[in-house]
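> Structure incoming, see below.
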Amino acid sequence: MVRRIQSHWRLVTVALLVSLVMLVTHAVFGTPAGSSYKHNLPWFEGFQDAFWQGVLYPRVLPELWFGMGGFDFYFYGPMPFWIASLLGPVVCPGCDTSQTFSVVGALMMIASGATFFLFARRFFDVPWAGIGALVFVLLPYHYLSDWFARQAVGEVAAFIFLPLLALASVKLIEEKKGGILFAFSFAAIALSHLPTTLILVHVVAALVGWVALTRETDWSKRSVLVGRFALWGGLGAALSAFYWWPALSLLPLASADNLYSAYFDATRWLFLDGQAEPSAKTALTSKWQLALVIAAAIVSYFLFKRETKPQALRDWIFVPSVIAVFMMTIVSYPIWQFWIVNMVQFPSRFLIMTDLSIALAAAFLAQHIARVGYKKLSPAVQRGALACIAAFAMAAFSAVLQAQFAAERTFVVERNLDHFGPPEYVPQALFEVNMKRFNQTVSDETSDNDRYAQFFVEMERGRGLGEAAMTSASPQSQITPVDGRGFDISVTLDAPTTVPVPVAAWPYWEATARDGGSVAISTHETLGLVQLDLPAGQSEIQLRLTQSPAERVATLISTISFLVLVIAMIVGRVGVFGRFKANSRK
C-alpha cells in the first residue's frame with residue numbers, strides 16, 4: 001500500500017490539497033445560504049439532537065414551526081442527516097450548526113470522489129481514475145449548483161452511492177455478480193433522495209434495455225439479465241421501504257400540492273420550446289451544464305474510434321448523456337406531461353447522472369493525451385477538448401454567480417435562523433386554517449417572495465393562538481419538547497375541559513397520562529392543533545408518535561429483506577454447502 005501511494009505521490013498530493021482546501025473553506029464560510037439552507041440547518045439541529053438521545057430515526061422534530069412540531073422526516077430522506085449526525089461531532093467538535101453541517105458537506109463531496117475512483121478503476125489506471133474523481137467532485141452541477149446554490153443535500157449524499165451502483169451494474173452485466181453492492185447502493189440512494197432514485201430507475205432501465213437488445217443473443221438471456229437487475233433492485237427497494245413506503249403513503253396527510261405553482265411545472269423548464277423559463281439565471285446554468293454533457297459525449301465518440309475500451313464505458317458515457325439531452329428538451333414534453341417522472345419537477349435533475357459521464361470522459365481524454373501527446377490528437381478531439389473546457393468554464397461561471405449570492409448571505413442568515421420546514425410538509429389540518437388567514441392578508445399584486453414569507457408569518461401567528469388558547473384554559477400549563485419523540489404537557493384545571501395545545505395535529509399522536517391511562521385526543525377545528533380531553537386537577541401528559549400501518553408494514557419488509565441480504569452474503573462467501581470459499585487471486 002505504501003509503495004502504491006509513493007508511486008502516485010503527485011495524484012495523492014493533489015487529492016489531499018483539494019480535500020484540505022475544501023474542508024477549510026467549508027469550515028470558515030459555514031453552510032451556504034442556498035435555496036434549502038433554511039430547512040437543512042433546523043433539520044440537522046433537531047435530527048442530531050434526537051439521534052444522540054437514542055432516537056435513531058426521528059420522524060418528528062418538535063422544535064420546527066415555532067414549536068408546533070414538524071413531521072418532515074416522514075417525507076425527506078434521512079441518509080444525509082445520519083451521515084451528518086454521526087460525523088459532525090467527530091470532525092468539528094465545538095463548532096456551531098452551520099460550520100458542522102458545512103464540514104460534513106465537504107466530507108460527503110470527498111467521499112463521492114473516492115467512490116467514483118473505485119468505479120473509474122474498472123476502466124482506467126490509477127492516475128486517470130484519479131483525474132476523473134477530481135473532475136467528478138468539482139463539476140459545476142455537483143459542487144456549485146447542488147451544494148452552494150441549491151443546498152440540495154439529498155443529492156449531495158446520493159452522489160456518494162451513484163458510482164457504487166454504476167460499478168455494481170457493470171459487474172452484474174459482465175460477471176453476473178455484484179448484486180449485493182447494487183442492492184445496498186440502491187437502498188442508500190433511495191434513503192438519500194427520492195427524486196434522484198426515480199431518475200436512476202429510468203436511466204438504469206434504459207441502460208439494461210440497451211445492453212439486452214444489443215449484446216444478448218436471444219430472449220431467454222435478455223430475460224435473465226433483466227430479471228437479475230429486477231431482483232437486486234427490488235431487494236434494494238425493500239431494504240429502504242421503511243422510509244419510502246410511509247413517505248408515499250402518508251403524503252396525502254401533508255400539503256404537497258397546495259403551494260404548487262408554475263415554477264414547479266417541469267414542462268416550463270424544457271429547452272428549445274421557444275418559451276422563457278421561470279428563472280432565466282437558473283435556466284442559463286442548466287443550459288451550459290447540458291452543453292458540457294454534449295461536448296464530453298462528442299469527444300468520447302471520437303476517442304472510441306481510436307481506442308478499444310470496454311463496452312461498459314461506452315454505456316455509462318452515452319446512455320445518461322442521451323437521456324439527459326432528451327429529457328431536458330421539448331421532445332420529451334409528453335413524458336413530463338403524463339408519466340410519473342413529472343414528480344421530479346425539474347428536468348435539470350437528470351444532470352446528476354451525467355456527472356458520471358463527464359468525469360469518465362475526462363479520465364478517458366486524459367489517458368489518451370498521455371499516450372499520444374496533445375499535438376498528435378486528431379483535430380476533432382482537439383476541438384472537442386477545447387469545447388469541453390469552454391463549456392466547463394461557462395457552466396462554472398454561471399453557477400458561481402448563484403453560489404456567490406448564497407455564500408455572501410451565509411454570515412447574515414445563520415445568526416437569524418428560524419426553526420421551520422418546507423410548507424409542503426405541514427399537516428393538512430394546520431395548513432388549511434393558516435391558509436384562510438393567509439388569503440385574507442395577500443392579494444393578486446403580492447409578489448411570490450412576499451407571499452412565501454407571509455405564510456411563515458401566519459404559521460407563527462397560529463402557534464401564538466394555540467399557546468393563548470392553552471393558557472386561557474390553564475394559566476399554569478407548560479409544554480416541553482422532547483427530542484425526536486414529541487412533547488411533555490403539564491395542565492392544571494378546575495373542571496374537566498378540552499384543552500388546545502400548540503402542537504400540529506397529526507393522526508398518529510398518542511396521549512398518555514403519567515399513571516399510564518390513555519387520554520382522548522382530537523383536532524381543534526379552527527386552529528388545526530391538538531386538543532386533549534382532561535379531568536380536573538393536575539395532568540401530566542406524554543404526547544408521543546405511534547407507528548402508522550404503513551410504517552409497520554414497511555419496517556417488516558425492510559427487516560425481512562435485510563435478513564435475506566445477510567443470508568445472500570453468507571452463501572456467497574461460505575458457499576451453498578457450507579464450505580468456506582478461499583480467495584483464488586494469483
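> For Gln476, work out the one condition from (1) closer than 30 Å to Glu551 by Cα; (2) touching a strand residue (DSSP E or B) at 6+ places or on another chain (Cβ under 9 Å); (3) at pLDDT below 90 it doesn't fulfil.
(1)
> Failed condition for Ala550, given (1) out of contact with any strand residue (DSSP E or B) (no Cβ under 9 Å at 6 or more places or on another chain); (2) on the phi > 0 side of the Ramachandran plot, with all others met?
The number of the failed condition is (2).
> Which pairs have Cβ atoms under 7 Å, sit 6 or more apart or on different chains, and link a residue in segment 104-129 that is at negative phi to one that is charged (D, E, K, R)?
Final answer for the pair search is Phe123/Lys309; Ala129/Arg121.
> Another question, if that's okay. Could you look through segment 21-44, keep only residues that are outside any helix (DSSP H, G or I) and of a type in the set (S, T, N, Q), and pick out the one that is most open to solvent (accessible area, probe 1.4 Å)?
The extreme case among them is Ser35.
> Follow-up. Taking Leu64 as the residue in question, decide whether it is in contact with a Phe, Trp or Tyr (Cβ under 8 Å, 6 or more places away or on another chain), more than 23 Å from Thr196 (Cβ to Cβ), among the aliphatic types (A, V, I, L, M) and modelled with pLDDT under 95.
yes
> Is at least one residue of segment 45-61 of a type in the set (Asp, Glu), closer than 30 Å to Leu465 by Cα and either open to solvent by 10 Å² or more (accessible area, probe 1.4 Å) or not in a helix (DSSP H, G or I) (or both)?
Looking through segment 45-61, at least one residue is of a type in the set (Asp, Glu), closer than 30 Å to Leu465 by Cα and either open to solvent by 10 Å² or more (accessible area, probe 1.4 Å) or not in a helix (DSSP H, G or I) (or both).
> Of all residues being more than 25 Å from Ala50 (Cα to Cα) and open to solvent by less than 30 Å² (accessible area, probe 1.4 Å) in segment 538-561, which is farthest from the chain's Cα centre (by Cα)? Just the residue, please.
Filtering segment 538-561 for residues that are more than 25 Å from Ala50 (Cα to Cα) and open to solvent by less than 30 Å² (accessible area, probe 1.4 Å), the one farthest from the chain's Cα centre (by Cα) comes out as Ser539.
> Has segment 93-101 got any residue that is of a type outside the set (Lys, Arg), buried (at least 24 other Cβ atoms within 10 Å of the Cβ) and more than 28 Å from Thr480 (Cα to Cα)?
No, every residue in segment 93-101 fails to be of a type outside the set (Lys, Arg), buried (at least 24 other Cβ atoms within 10 Å of the Cβ) and more than 28 Å from Thr480 (Cα to Cα).
> Same structure, new question: When residues of segment 62-97 are filtered for being part of a loop (DSSP other than H, G, I, E, B) and aliphatic (A, V, I, L, M), how many remain?
Of the residues in segment 62-97, 1 are part of a loop (DSSP other than H, G, I, E, B) and aliphatic (A, V, I, L, M).
> Specify the residue that is nearest to Gln345 (Cα to Cα); the eligible residues are those in segment 280-327 that are of a type in the set (D, E, K, R) and open to solvent by less than 70 Å² (accessible area, probe 1.4 Å).
Checked segment 280-327; the qualifying residue nearest to Gln345 (Cα to Cα) is Asp315.
> Sticking with this one: Does Glu445 fit the bill of being over 34 Å from the mean Cα position of the chain (by Cα) and of a type in the set (Asp, Glu)?
For Glu445, the condition - over 34 Å from the mean Cα position of the chain (by Cα) and of a type in the set (Asp, Glu) - is met.
> Could you check how many residues of segment 328-386 are under 17 Å from the mean Cα position of the chain (by Cα), open to solvent by less than 10 Å² (accessible area, probe 1.4 Å) and not polar (S, T, N, Q)?
Residues that pass the stated criteria total 9.
> Scan segment 483-500 for residues that are open to solvent by 30 Å² or more (accessible area, probe 1.4 Å) and touching a residue at least 40 places away in the same chain (Cβ under 8 Å) and jot them down.
Hits for segment 483-500 are Asp483, Arg485, Asp488, Thr492, Asp494, Ala495, Pro496.
> Here's a follow-up. On the given criteria, is Leu248 in a helix (DSSP H, G or I) and either farther than 22 Å from Trp210 by Cα or in contact with a His (Cβ under 6 Å, 6 or more places away or on another chain) (or both)?
Spelling it out, Leu248 is indeed in a helix (DSSP H, G or I) and either farther than 22 Å from Trp210 by Cα or in contact with a His (Cβ under 6 Å, 6 or more places away or on another chain) (or both).
> Moving on. Output the residues belonging to segment 422-434 that are out of contact with any helix residue (DSSP H, G or I) (no Cβ under 8 Å at 6 or more places or on another chain) and closer than 17 Å to Arg461 by Cα.
Selection gives Ala429, Glu432.
The values are calculated or read from the model by the stated rules, or taken from the named source; none is laboratory data. Please read all numbers here as calculations on a predicted model, not as lab measurements. Methodologically, a virtual Cβ is constructed for each residue, glycine included, from the backbone with ideal geometry; neighbour enumeration extends over all protein chains shown. Ligands, DNA and RNA are excluded from the accessible area calculation, which covers all protein heavy atoms including side chains. Shrake-Rupley method; radii C 1.70, N 1.55, O 1.52, S 1.80 Å.
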